[in-house]
2 protein chains.
Amino acid sequence: MGFRVERTLFSADSGLQHVAVVESTGFGRMLFNDGAVMLSERDERVYHEMIAHVPLFVHPRAQRVLVIGGGDGGTVREVLRHPSVTACRLVEIDATVVSACRQHLPQTAAALEDSRVEVSVEDGVAYVARAAERYDVVIVDSGDPAGFAVPLFGDRFYADVERLLTDDGIVVSQCQSPFNDLTAQARLLETLGRCFPRVHIYNYCNLTYPGALWSFTFAGKGPRNPVEDLDPRRVADSGLSCFYYNAAVHRAAFCLPQFQAAALRHLLASPQC
Amino acid sequence: MGFRVERTLFSADSGLQHVAVVESTGFGRMLFNDGAVMLSERDERVYHEMIAHVPLFVHPRAQRVLVIGGGDGGTVREVLRHPSVTACRLVEIDATVVSACRQHLPQTAAALEDSRVEVSVEDGVAYVARAAERYDVVIVDSGDPAGFAVPLFGDRFYADVERLLTDDGIVVSQCQSPFNDLTAQARLLETLGRCFPRVHIYNYCNLTYPGALWSFTFAGKGPRNPVEDLDPRRVADSGLSCFYYNAAVHRAAFCLPQFQAAALRHLLASPQC
């Protein structure tokens, strides 16, 4: 899979990874970390809507939200569309990602200037270990489980996330492609299962990530069910105009293809849909 | 998007198009027509299960099925898994596709040797114009609406398909990617809307086609609703073991992303899901 680059807008080694923003043909501006596509202006809304609106429409009234990773600002942008949210903290390990996006990807990064947002440049694992603040929703918007992101898929990290969550809190995490990474998906669900009473996984279809079908995990500290506890009227009444997300897509996302359902069923809280 | 070719097993100009079967890295054997990927052994089941089982589990008891295109045999293979089916006719315009697949892609083409199958090498448009036989389900397993496949997206073709269908008959057709081809999707739905009382569109997620999210249209001559008239117990009782398809995926497939729902809503029979 490749993209045609018209112009490189930013290219630098951050010490952690190589960060590049390019102008592409057909996909708008794109962010690459170590050569792996992080987002394209053309389809980033699909990912960011699905990682943010699923937990925020299931939680009855999320006020404080923590985003780990996601230095491009796209997830924060979607979180802020919920008027109940009074504070959103972004914890991104790589300052270069944040500054490159602030400079060259306003479509996502403009959200970081909102007065409800606090940006911390810090290792997410270290932040959750030391933090005292509590959150209604935590969103782990990380890269692949490789290199410095590996601890974001570990037991210690999720034990700390569980501690930071309010009683009805929800954590949603980026979880790779079922076509390519079923083993990694099972591993993250097992990790979550050691910290949370109920874990789920849901899918969406991505245009620029290899694997096409892509997943997020959903774990609740309380008894919330991400399908049954969605009120479609609340989505309609919110007036939120999305590119990809709607209440039907939300529920459909939890209907897993047979190969994925069969491989992960024993790790999930409830039969699909 | 590209694939690594280890070995070319077949390569010939058929007069209609260039046909190639290759051994790829990571995707098994692959079929290309004029350089466009038609199938890979790795993920062909996704497409073939979704094009075949959706109409065959909605129709109460399909006995005679017509497949237009699909010379690789994958759609026929899935059709034959329904024991109600007594006859399946494949009408493929390009004899070279059928012979190349018979020789090099037994995973799909072996189904063509089943005694219930009749293979006709003929233009599908000409076949439906002259045919007298009637069918319970017609599946249009065509390539893109370009070149010799253009008439398969036209009014005349679908007027003939409507005539061949039994009173409760269903036609399902390959209909491109919503990410890339919304205009083509609208056009096919309009065409179908001139021949059938109710038209629908449903999606699945593809690994090897550019566009990732891919669609099929569903049009019924009778009043069948592809979501409400699915009986999940019938799917379970069938004992069919699929790679991708299951009753939950079937229903979820009709839940359209917001951009697609908004663009096509005025052409569809019922609100999604």
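The values are calculated or read from the model by the stated rules, or taken from the named source; none is laboratory data. Being a predicted model, the structure only gives us computed values, none of them experimental. Backbone-built Cβ (ideal geometry, glycine too); neighbour counts: all protein chains shown. To get the accessible areas, we keep the full protein, side chains included, count just its heavy atoms, and leave off ligands, DNA and RNA. Shrake-Rupley method; radii C 1.70, N 1.55, O 1.52, S 1.80 Å.
At a glance:
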{"quantity": "Contact order relative to length of chain A, as percent, for alpha carbon pairs under 8 angstrom and 6 or more apart", "calculated": "17 percent"}
{"quantity": "Rounded FRET efficiency, nearest 0.05, which uses the C-beta distance separating A:Arg194 from B:Ala159 and R0 of 60 Å", "calculated": "0.50"}
{"quantity": "By accessible area with a 1.4 Å probe, ligands and nucleic acids excluded, highest first: order of A:Thr96, B:Thr208", "calculated": "A:Thr96, B:Thr208"}
{"quantity": "CD proxy at 222 nm, helix term only [per DSSP H run n ≥ 4: -39500 (n - 2.57); per residue of the protein assembly as shown; nearest 500]", "calculated": "-8500 deg cm²/dmol"}
{"quantity": "Residue (of A:Leu189, A:Asn225, A:Gly239) at the positive-pole extreme of region A:184-240, dipole from beta-carbon charges", "calculated": "A:Leu189"}
{"quantity": "Region A:102-256 - charge dipole about Cα centre, Lys and Arg +1 at Cβ, Asp and Glu -1, debye rounded to 20", "calculated": "260 debye"}
{"quantity": "Heavy atoms of B:His104 accessible to a 1.4 Å probe, total area in Å² rounded to 10", "calculated": "30 Å²"}
{"quantity": "For region B:87-134 versus region B:188-236, the gap between their alpha-carbon centres in whole angstrom", "calculated": "23 Å"}
{"quantity": "A:Leu267, B:Leu56, reordered so the largest accessible area comes first (probe 1.4 Å)", "calculated": "A:Leu267, B:Leu56"}
{"quantity": "Scaled radius of gyration (Cα, divided by 2.2 N^0.38 Å) that chain B gives", "calculated": "0.93"}
{"quantity": "nm² value of the averaged projected area, convex hull over the Cα atoms of the protein assembly as shown", "calculated": "23.9 nm²"}
{"quantity": "Given charges at beta-carbon only (K, R positive; D, E negative), |dipole| of region B:31-151 in Debye", "calculated": "480 debye"}
{"quantity": "Extension gain, A:Gln103 back to A:Asp144 (0.36 nm per residue minus Cα-Cα distance, nm)", "calculated": "12.3 nm"}
{"quantity": "Coordinate range along principal axes, alpha carbons of region B:124-273, Å, largest first", "calculated": "38, 35, 29"}
{"quantity": "Dipole magnitude of chain A, debye to nearest 20 (Cβ charges: Lys/Arg +1, Asp/Glu -1, about Cα centre)", "calculated": "560 debye"}
{"quantity": "3J(HN,Hα) from dihedral phi, region A:115-125, Karplus parametrisation 6.51/-1.76/1.60, rounded to Hz, x for glycine, proline", "calculated": "5, 7, 9, 10, 9, 10, 8, 6, 5, x, 5"}
{"quantity": "Where B:Glu23, B:Glu78 fall by accessible area, highest first, once all protein chains stay in place (1.4 Å)", "calculated": "B:Glu23, B:Glu78"}
{"quantity": "In Å², nearest 10: area of B:Met1 left accessible to a 1.4 Å probe", "calculated": "110 Å²"}
{"quantity": "Efficiency of FRET between B:Glu113 and B:Arg61 - r from beta-carbon atoms, R0 35 angstrom, step 0.05", "calculated": "0.90"}
{"quantity": "For B:Leu66, solvent-accessible area (1.4 Å; no DNA, RNA or ligand), Å²", "calculated": "0 Å²"}
{"quantity": "Spread of Cα-to-Cα distances over 5 Å intervals beginning at zero, given as percent, for region B:1-118", "calculated": "2, 12, 22, 23, 18, 12, 7, 3, 1"}
{"quantity": "Qualifying GluC sites (Glu not before Pro) in region B:128-225, DSSP loop, other Cβ atoms within 10 Å at most 12", "calculated": "B:Glu133"}
{"quantity": "Two-site label geometry, A:His18 and B:Ala262: point separation in nm, points 7 Å out along Cα→Cβ", "calculated": "3.8 nm"}
